[in-house]
Structure formats: structure tokens, C-alpha cells
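Novice: One structure follows; several queries about it will come next.
The values are calculated or read from the model by the stated rules, or taken from the named source; none is laboratory data. Bear in mind that the values here come from a model prediction, so they are computed numbers and not experimental data. Cβ placement follows ideal geometry from the backbone for every residue including glycine, while neighbour counts extend to all protein chains displayed.
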Amino acid sequence: MAPTIETSSQASSLPSSKTGYGANLKKQPIKYSGSLDKYDHFEVTPNIGEEFSSVQLSSLLESDDYETLVRDLAVLVAQRGVVFFRNQDINDEQQKKLGKLLGELTGKPKESGLHVHPTEAPSSETGQDEILVLQPDQGVLNQKFLQTTTRAAKNWHTDITFEKVPSDYAILKIIKKPSSGGGDTLWASGYAAYEKLSPTYQKILESLTAHHSGMHFHAVAKQSGHGIVTTPRGHPLNSGDDLYADHPIIRTNPVTGWKSLYVNPIFTESINGLGWDESRSILDFLNQNLKENHDIHVRFRWNDNDVAIWDNRSTYHTATYDYTTTDRLGHRVLSCGEVPYLDENSISRTEALKADLEAADSAASKLAQLNVN
């Protein structure tokens with residue numbers, strides 16, 4: 001049975017796009033109002049990535065019209081996949097506040113909050129379970145660096161897809177880049193990965209769901225000397241120690257209304273209803289499709305205090321373990337979104353953008369005709 005679409009009480013008041021693409025969707029795409037266009041920014045690549053060179057996220061949060069600004073930021077992140085901000089002064093509390101607002105202002109279910117990682121220690125280094133501290137252990141780092149025969153591309157993933165209610169938005173601040181150099185992060189567009197598939201193959205995948213598992217985190221937690229977090233991890237459905245979930249292979253991003261591929265090499269174990277060999281062959285092809293098409297990738301070279309915000313519903317990312325020092329330090333916040341679903345009336349990113357352009361041209365033509373008359 002297809003997942004139901006969770007809605008928020010505030011969803012009806014959001015600025016939806018009533019013209020062009022999206023009028024027939026169960027949840028209306030949210031319109032970008034243009035409030036961020038006053039700040040310098042540029043597309044990093046045509047398919048994915050946007051960068052702001054000067055604006056401070058803290059100033060957006062403190063602005064009188066912060067709701068409009070943050071909502072537009074959430075829409076832009078959903079459209080462009082990942083948005084980068086250089087040299088930010090945002091602190092942990094502000095990072096958490098922004099993580100909550102991105103989803104809340106775009107209509108996510110009221111039960112969804114910030115995620116707590118299942119391996120998080122009872123008292124974290126920051127004293128805040130909702131902040132995941134990313135700092136490599138020297139032994140693990142040495143092992144990764146010395147595994148020269150291991151394919152670096154095997155680590156592509158989308159965060160916490162093993163949860164029943166996985167992540168919508170993620171915010172990562174790299175407080176200190178590694179002194180040895182390296183440590184770039186790459187992202188890939190799930191929208192573009194979907195469009196790389198033939199229409200027939202797309203239709204086949206749209207009828208299937210996949211099984212995602214994070215059960216390996218039990219061993220990680222045990223090795224760290226504590227158990228899995230069993231209390232709600234950002235949503236009541238994300239409780240207990242059964243770190244697995246079934247999700248559609250193709251999902252609809254509720255903010256844009258666009259279809260995205262939603263399987264990944266780290267957490268997706270199998271396709272439901274298929275034999276192991278059948279399932280493995282499809283997943284291997286989809287993972288290959290993700291890894292080998294560099295035109296759907298963007299690579300970000302971190303400096304101290306840089307921030308990346310991405311949409312986990314329609315992007316993938318992977319770290320680069322080419323550094324040898326343990327001084328790389330990052331703080332990550334994950335927001336939980338909605339139960340993944342596929343709206344049968346949603347279409348691809350390219351089709352949606354084309355429909356919006358055609359609607360705008362039609363409206364301009366009608367206006368010109370009225371002026372003539």
C-alpha cells in the first residue's frame with residue numbers, strides 16, 4: 001500500500017504555485033518569492049548547487065521578515081539540492097533553530113522535529129543530542145586512508161533513510177577544515193539521477209519500494225560503550241531499536257513536486273517483492289547511474305566556518321577521506337520531514353520547469369492581448 005501524505009495545519013497557508021505545474025498535485029509545490037535575490041549568489045553547476053558569498057545565516061534568522069527569508073531558503077534548497085554559505089558566524093542554537101524552521105515553514109508534519117542519531121551518547125560533546133559532532137577518530141581515519149583499493153564512490157548516501165520518517169533538511173557547519181588538506185564533500189542530484197533513466201524504466205521503478213537498514217549501527221553503539229537510542233529520534237515513528245524502513249524507490253519532494261530517485265549504496269539493502277539477484281542487479285545499476293554521471297555532481301571545498309544546507313529527499317552526498325589529521329571538526333543538524341511518498345501526478349524537474357515557463361509565457365501573452373484591446 002502506498003504511503004499516505006502527511007500534512008501540516010499550516011500547509012494551506014503556504015505560498016503555493018497555482019499556475020503552471022503542480023495544480024493537480026495532492027500537496028501544492030511552494031513558490032519561491034524571490035526574497036533572497038537581493039543577496040549575491042550563483043549556480044555552482046546547472047543541475048545542482050547554489051552558493052551565497054556574503055550573507056550571514058544569523059542575520060536571516062534575526063530579520064523582521066525571517067519567515068519569508070527562511071521559507072525561500074528552504075524552497076531554494078529543495079530546488080537546487082544544496083546551498084553553500086561561506087564563513088558563517090551561526091552558533092549551535094541558531095543552527096538548530098534554522099534546522100527546525102526550514103521544515104516547519106514549508107509544511108512538514110507538526111510531529112517532526114530534529115533528529116537524534118541512534119548511536120548518540122547519552123551526553124554528547126556539545127551537550128545537545130540534536131547536534132551531531134563530526135570529528136574523525138585517528139584509527140578509523142588511518143584505515144580509510146590506507147585502503148587504496150577501496151572505491152571511494154561506495155559511500156554515496158542520503159541521511160537516515162533507515163528511519164520511518166527520514167530527513168528533509170540537513171545543515172552542516174565545518175568549524176575546522178583538516179590541516180592536512182582535503183576533506184571535500186560531494187553531492188549529487190536525485191532529480192537528475194531520475195531523469196537519466198528511460199521512461200519505461202522510470203515507470204517500473206515507480207511501482208516498487210525498497211528496504212533500508214541501519215542495523216549496523218547496533219555494533220557501532222556497542223563499540224562506543226552504550227546502546228542504541230530508542231526514544232523518539234525526531235519523530236514518534238522513529239522509536240525503538242529496529243533501524244529499518246521501506247520507502248518508494250521514486251519519491252515526490254513535497255516542496256517542489258518533483259520526482260527523485262531514493263535509493264542509496266549505504267542503507268538500501270533490497271527491493272521488496274523481488275528475488276535477491278533481481279534486486280541486486282537493479283540496485284547496482286541505480287548506484288552506478290548515480291556514481292558515474294559526474295554532470296549531476298557538485299564538489300565543495302570547505303574553508304573554516306563554511307555551511308552547507310541540503311535536501312535529503314532529493315540529493316546524495318559523500319565524504320572524501322583523503323586527509324590524515326583528526327582536526328577536521330563539523331557540527332551537523334538533521335531535520336525529520338514526512339513519510340516518503342510518490343504522488344502519481346508529479347513529474348520530473350525538467351518537465352516541471354518547462355511547464356512553469358510555458359504558463360508564464362501564456363500569461364504574458366494574455367496580458368499583452370488585453371493591453372492591445
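Novice: Checking the structure you have, find out if any residue of region 22-44 is touching an Asp or Glu at 6+ places or on another chain (Cβ under 9 Å), among the hydroxyl-bearing types (S, T, Y) and farther than 20 Å from T315 by Cα.
Specialist: Among the residues of region 22-44, at least one is touching an Asp or Glu at 6+ places or on another chain (Cβ under 9 Å), among the hydroxyl-bearing types (S, T, Y) and farther than 20 Å from T315 by Cα, which makes the answer yes.
Novice: May I pose another question? Looking at region 258-284, which of the residues that are part of a helix (DSSP H, G or I) and small (G, A, S) is surrounded by the fewest Cβ atoms within 10 Å (Cβ to Cβ)?
Specialist: Of region 258-284, the ones part of a helix (DSSP H, G or I) are 276-284.
Within this subset, residues satisfying the condition of being small (G, A, S) are 279, 281.
Details: S279: 19, S281: 13.
If we take residues in region 258-284 being part of a helix (DSSP H, G or I) and small (G, A, S), then S281 is surrounded by the fewest Cβ atoms within 10 Å (Cβ to Cβ).
Novice: Pick from T119, T149: which is in a loop (DSSP other than H, G, I, E, B), crowded, with 18+ Cβ neighbours inside 10 Å and either at pLDDT below 80 or not small (G, A, S) (or both)?
Specialist: T119
Novice: Considering only region 215-255, state which residues are hydrophobic (A, V, I, L, M, F, W, C), surrounded by 14 or more Cβ atoms within 10 Å (Cβ to Cβ), free of Cβ contacts under 8 Å to residues at least 60 places away in the same chain and not in a loop (DSSP other than H, G, I, E, B).
Specialist: Of everything in region 215-255, nothing turns out to be hydrophobic (A, V, I, L, M, F, W, C), surrounded by 14 or more Cβ atoms within 10 Å (Cβ to Cβ), free of Cβ contacts under 8 Å to residues at least 60 places away in the same chain and not in a loop (DSSP other than H, G, I, E, B).
Novice: May I ask you to list the residues in region 199-214 that are part of a loop (DSSP other than H, G, I, E, B) and either more than 23 Å from the chain's Cα centre (by Cα) or surrounded by 15 or more Cβ atoms within 10 Å (Cβ to Cβ) (or both)?
Specialist: L208, G214
Novice: Okay, moving on. Name the residue, out of D184, D159, D168, that is of a type in the set (D, E), over 16 Å from Y262 (Cβ atoms) and touching a residue at least 60 places away in the same chain (Cβ under 8 Å).
Specialist: On the way: D159 fails: over 16 Å from Y262 (Cβ atoms); D168 fails: over 16 Å from Y262 (Cβ atoms).
None of the other options fit; the residue is D184.
Novice: Please specify each residue of region 26-59 satisfying the condition of being small (G, A, S) and closer than 23 Å to L186 by Cα.
Specialist: Across region 26-59, the qualifying residues are G49, S53, S54.
Novice: Moving on. Scan region 314-344 for residues that are charged (D, E, K, R), within 20 Å of N253 (Cβ to Cβ) and crowded, with 21+ Cβ neighbours inside 10 Å and jot them down. Break it down into steps so the answer makes sense when it comes.
Specialist: Here is the first cut: in region 314-344, the residues charged (D, E, K, R) are 322, 327-328, 332, 338, 343-344.
Filter again for within 20 Å of N253 (Cβ to Cβ), leaving 338, 343-344.
The answer is E338, and nothing else.
Novice: Sticking with this structure for a sec: Is there any pair linking a residue in region 97-114 that is closer than 17 Å to S239 by Cβ to one that is of a type in the set (A, V, I, L, M, F, W, C) and not in a loop (DSSP other than H, G, I, E, B), with Cβ under 8 Å and at least six apart or on different chains, and which?
Specialist: As it stands, the answer is S112/C336; G113/C336; L114/V333; L114/L334; L114/C336, since those pairs meet every condition given.
Let's see how each residue does on (1) modelled with pLDDT of 95 or more; (2) crowded, with 18+ Cβ neighbours inside 10 Å; (3) acidic (D, E):
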residue	(1), (2), (3)
G22	no, yes, no
P29	yes, yes, no
E51	yes, yes, yes
V82	yes, yes, no
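Novice: For T106, which of the numbered conditions (1) within 25 Å of Y323 (Cα to Cα); (2) assigned to a loop (DSSP other than H, G, I, E, B); (3) modelled with pLDDT of 90 or more fails to hold?
Specialist: Result: T106 fails condition (1) only.
Novice: Only one of (1) closer than 19 Å to N253 by Cβ; (2) surrounded by fewer than 17 Cβ atoms within 10 Å (Cβ to Cβ); (3) among the acidic types (D, E) fails for D65. Which number is that?
Specialist: The single condition D65 does not satisfy is (1).
Novice: For region 45-52, indicate whether the set of residues that are closer than 24 Å to K108 by Cβ, more than 21 Å from the chain's Cα centre (by Cα) and in a loop (DSSP other than H, G, I, E, B) is non-empty.
Specialist: No.
Novice: Among strands (runs of 3 or more DSSP E) lying entirely in region 285-329, which contain 2 or more residues that are acidic (D, E) and within 25 Å of I175 (Cα to Cα)?
Specialist: It comes to 306-311.
Novice: Would you confirm whether any residue within region 350-371 is modelled with pLDDT of 95 or more, among the basic types (K, R) and part of a helix (DSSP H, G or I)?
Specialist: Within region 350-371, none of the residues are modelled with pLDDT of 95 or more, among the basic types (K, R) and part of a helix (DSSP H, G or I).
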